[in-house]
Each structure stands twice: as C-alpha cells, then as structure tokens.
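Please treat every number below as a calculation from the coordinates, not as lab data. This is a predicted model, so every value here is computed, not measured. Methodologically, a virtual Cβ is constructed for each residue, glycine included, from the backbone with ideal geometry; neighbour enumeration extends over all protein chains shown.
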Amino acid sequence: MTITTDAGAQAPAVGPTVLGWFEPGSDDWHAARAQGIGGSEIAAVLGLSPYESRFSLWHRKKGLIAPVEESEEMYWGKEHEPAICRRFARNHPDLDVTPAPTYAHPDRPWQIANPDRHVGPDLLEAKTSRDAEGWGEEGTSQIPVHYRAQCLHYMDVLGARRCWVAVLIAGSEYREYVVDYDEDEARILRDAGARFMDDLARDVRPDIDGHSATYQAVREIPEGLDPIDVEIPTVLRDRFHTAQDAYWAAEDELTACKSELLDAIGTGQRAVCERERVATRTVRSGRTYSLMPARTRRNAR
C-alpha cells in the first residue's frame, strides 16, 4: 500500500476545546453539536451529502424539524466501528490508536469534531459500505466526497496532518485509505461553514432544492391540516405540471430500460458496460427482487 504525504495542517495556537465524551446519537451528543457544524454535517452545507441537504440541516439546527432518526445503516456503522478500529490497530502495531472525545475549535466554536479515534497526532475514521462504489484503489485518498469533507473538517479543528479511513465493504472486505490535510480545501469548508452559521443567526433560510432531504423537511415543518384553498402563483403551477409530465415520461422510459436490462443479463447478477458496473440484480425465492443502479443522484455524471 503506497501512501503519499501532502503539506500538513497548521495547528491552532491554543488546543481544541474538549466538549465531552458522548455516545454518538445520544441526547448529549446532539446537544453538543446543536450550536455548531459536525463532520458529518459539513458536506450538507456544501450540497455534497447524499443524506442531508443545506435546507434540511438549517431547519434541524433551528429546531423546526426533529434530529435525524437512526437508520439501519447508521446503527450497523456504529456497531462495526470498534471492530474496524481494532483491525486497523492490529495492522499498525507501531501506531498509537486511542479513543477521541468531541471537540470544538478554540477560535471557531461552531466547528465541531467527533473523530472515531486518534492515531498519535492524527485521526482515524471507521466506515461501512454496502459496496465498493465510490471507493478507489486502496492506499489512496479516493473516498466518497462527503467522507473526504468530514476528514478535512476534523483535521482543521484539531490541527492534524492526516486522517486514516478504514472501511468494511459488504461486511467482509476491509480496506484502508488516507486523506492528508489540504489548506485550500479546508478553507472552502471553513468559509462555507461560517456563512451557514451566519445565515442561521440572521434567519436567512436556504433555497429549496431537489434533494430528497429537503422534500422530507418541507413535509415535516407544517403541523395540522386546514381545510382551505391556498392560491399559488401561475408560474409555480406551470412548473409543477411541466415537471410532473416530465417525471411520468422519464418513469416510463426508466421502466422500459430496466426491463430490457434485466432481459439482457438473464440470470446474471451485475450489468456492466466497458468494465463499469451499471446495475446489480438481487434475487429472492429464485425471482428477481430488485435492480439497483450503480450510480446515485450524488455521483451522476
């Protein structure tokens, strides 16, 4: 495994503030992050998260919608974290791998870091993934962009030079990656985070976008049901009808493509083109259960 080192981070003049030791997902953990931006949230600020949008995060920080409920993916990621970290420590007996608390930057208290482990002066993040999509060659920095943002955010808070990323893919394939600190990228994250916090303070609501998390947030905000008619602008009506027609047409085309694709691969598991995976077929009780595309909305060309 070949690893290259880039320029190191500049450590804060004063060490980061320790906010405490919290169980991820606990009430205390949520409270510690409520007034700032954590590593798993910075990607949403930039519009890079597959799970959260800038709009939904803003409303969550305002207390207008509930905290994110723990999904099965989140639950199993938390359960596997200790085992993944133990495997990393076993692979690197020369490195000192220790637990880490929750931190805040001394000068930017909104910048919250909750790394999985310390590795000497550096960091370790443990991840799980259903498949290898988005994960490049082992030993490189080729990881999903929202995880890269998380690593850079943590390093910026702690003044660390490196963040290791250990991932368990499909429950049995273990890989290691490494992200070295990049000042230019960290500054982009830092500036975006500061603008987001300023928007929170000034009650400047983000624009509605096409992220599924935004739609879920809009659905959750109003309570009750008033049996009244509400007049909307003509332009919004026309946009809605146009989008609805396009959606129905695209849905028909996608269904036709999926049918042809399944017919083309027969009893095969994966559809590939020019050595790139296009979709994966799953089977239950001997019959096709689903056809999952390799690409997601966040990694589409």
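What to note about this one:
- Put the Cα centre of region 166-239 next to the Cα centre of region 140-160 and the gap is 19 Å.
- Under 13 Å from a label point set 7 Å out along the Cα-to-Cβ vector of residue 87, the amide N atoms of region 151-167 belong to 165-167.
- Estimated D of region 160-301 in µm² per second, where Rh is the Kirkwood radius over Cα pairs and Stokes-Einstein applies at 4 °C, 1.567 mPa s: 61
- A DSSP coil position with no more than 12 other Cβ atoms inside 10 Å describes the following trypsin sites (Lys or Arg not before Pro) in region 99-142: 130.
- Relative intensity, log₁₀ I(q)/I(0), of region 100-204 from a Debye sum that treats every alpha carbon as a point, q = 0.14, 0.16, 0.18 Å⁻¹: -0.57, -0.72, -0.87
- P(r) tail, region 17-218: Cα-Cα pairs separated by more than 23 Å, 43% of all pairs.
- In terms of Cα atoms, the Rg and Dmax of region 224-292 work out to 19.6, 55 Å.
- Each label was represented as a point 7 Å from its Cα along the Cα-to-Cβ direction; for residue 252 and residue 184 these points are 4.8 nm apart.
- Rg and Dmax of region 20-92, Cα atoms only, in Å: 14.2, 45
- Applying 0.36 nm per residue to the separation of residue 263 and residue 207 and subtracting their alpha-carbon distance, the gain on full extension is 16.0 nm.
- Applying 1/(1 + (r/R0)^6) with R0 = 51 Å to the Cβ-Cβ distance of residue 98 and residue 223 gives a FRET efficiency near 0.65.
- DSSP loop GluC sites (Glu not before Pro) with at most 12 other Cβ within 10 Å excluded, longest remaining stretch of the chain: 138-222
- Pairwise label distance in nanometres, residue 273 with residue 27, each label 7 Å out on the Cα-Cβ vector: 5.2
- Each residue of region 155-163 was assigned a 3J(HN,Hα) from its phi angle through the Karplus curve 6.51 cos²θ - 1.76 cosθ + 1.60 (θ = phi - 60°); the sequence is 4, 5, 5, 9, x, 7, 9, 8, 10 Hz, with glycine and proline shown as x.
- In this label model, residue 241 and residue 292 are separated by 4.0 nm, measuring between points 7 Å along each Cα→Cβ vector.
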